[in-house]
Amino acid sequence: MSDPKIEEESAPNELLSKRVWRLLKRSNNWLLPLAIILFLWSLLLDHPVVHLAPAATHGNGSNENLVWNGWNGDFVVKGLSELAVAFFIAWIVAFLIEREVRERDAAEARSLREQMAIDHKKYSKQLTENVFAAMLGLSHEKTYIDRVLDVTLRSQLIRDHIQLLYELRPLKAAEAEEYQISSDRFVVLEATARYTFTNVSGKNYPASLEYRYPVRTGRLKSFNRVTRLDTFADGKHVRYTDEEIRNATNAADDFYYSTNYKIDFAPKGQAKIVIVSVLIKEKSDNEIWGTLYPTTKFDMVVKCTVPDIVLGTRSLTASNLSGSGINAEGGEWSSDGPILPFDSVVLWWRTQEDDSGEERTPLKRPEADARVEG
């Protein structure tokens, strides 16, 4: 606890400091102009043209001193000059003191803002924990609550709606010849993603976005690629050229490539994205879609022109994923609610031979208390 006596003693000192500070600010406004005026006045009076009355004339006819109304001229000029110098020095001292006080006050204000930000963050977290406990009757760990808030409610970008189109087709003869692979083993998956990002914050947000896709090793590594990237933001349509897409793509690791692009979002601004990629797949394979952003709506359409294929989906999402019109030629799937960060949807397909000749329906969404293997 603070000492009351020290506080009582510091109060007058603080008041005196404020009064001195106000006096310095006021004096600093007139010290320099007054010093300049006095200096100019002394120069004017020291000029030989300015004479009001001559002093006693000596035998040689020269005037040793100037006199104005009984005052010694040299004395007045020197006095004004020295007074001007004194005021100028006082101005310099006041200026230096004012600058030091200003820097000290700025440092104290900065330190106070930083401390307030730390306190606000600490108290907001405590309040959040109390709100969760009061509303849900649950006492979650603070780290768990922070993580949930960071990946969901604190996200500045929200994906309003994503529409996925997967087209599974046979390998073309030219593709098989170029990469020296068999069309009996490999197929091609063309993926088109359309979605809209919204900046839900009230400030500008320069976003660095990425589209990640899997790659194979060896001679097939160059097959998988992004073939189209379009952005629509602030009324501007930007279509990336093939060279720009290649320059924006790099290896995220040994098995994934990442195409990166940037969009400057205005407060509450939106941007529409269209990305098309081509992937080499095996006849019995899968494709996993995942997200790092909260998504309000998810729609997926699958079209298959590969014969003797059985396909389906497996969703690991917060909202239920329901399908319609599902058969060997594809189907449509939609979520009945939002998709949260790190949710995923697995599209799988099998040949009749790999599927033991039995037709398999898409796996059901696991119950809330069920364990998911794999």
> Quick one: in segment 227-241, which of the residues that are open to solvent by 60 Å² or more (accessible area, probe 1.4 Å) and in contact (Cβ under 8 Å) with a residue 12 or more places away in the chain is nearest to residue 185 (Cα to Cα)?
Replying inline: 228
> What strands (runs of 3 or more DSSP E) completely inside segment 238-319 contain at least 3 residues that are among the β-branched types (Val, Ile, Thr) and over 23 Å from residue 181 (Cα atoms)?
Replying inline: 270-282
>> I'm trying to understand the selection: among the residues of segment 143-171, which are among the charged types (D, E, K, R) and in a helix (DSSP H, G or I)?
In response: 146, 147, 150
> What about residue 306, is it of a type outside the set (Ser, Thr, Tyr), under 26 Å from residue 245 (Cα atoms), out of contact with any Gly (no Cβ under 6 Å at 6 or more places or on another chain) and open to solvent by less than 30 Å² (accessible area, probe 1.4 Å)?
Replying inline: no
> Of all residues in segment 333-348, how many are surrounded by fewer than 17 Cβ atoms within 10 Å (Cβ to Cβ) and within 28 Å of residue 306 (Cα to Cα)?
Replying inline: 2
>> Every residue in segment 275-290 that is open to solvent by 10 Å² or more (accessible area, probe 1.4 Å) and either farther than 23 Å from residue 352 by Cβ or not acidic (Asp, Glu) (or both), please.
In response: 276, 278, 281, 283, 284, 286, 288, 289, 290
>> I'm trying to understand the selection: among the residues of segment 172-226, which are open to solvent by less than 20 Å² (accessible area, probe 1.4 Å), farther than 25 Å from residue 155 by Cβ and assigned to a strand (DSSP E or B)?
In response: 186, 187, 188, 189
>> Please pick out the residue among 208, 183 that is of a type in the set (Gly, Ala, Ser) and touching a helix residue (DSSP H, G or I) at 6+ places or on another chain (Cβ under 6 Å).
In response: 183
>> Pull out all pairs, ordered by first then second residue, where Cβ-Cβ is under 7 Å, the residues are six or more apart or on different chains, the first lies in segment 88-113 and is polar (S, T, N, Q), and the second is open to solvent by 60 Å² or more (accessible area, probe 1.4 Å) and assigned to a helix (DSSP H, G or I).
In response: none
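The values are calculated or read from the model by the stated rules, or taken from the named source; none is laboratory data. On a predicted model such as this, the values are computed, not experimentally measured, just so you know. As a convention, Cβ positions derive from the backbone with ideal geometry for all residues, glycine included, and neighbour counts pool all protein chains shown. Keep in mind that these areas ignore ligands, DNA and RNA; they rest on the heavy atoms of the full protein, side chains included. Shrake-Rupley method; radii C 1.70, N 1.55, O 1.52, S 1.80 Å.
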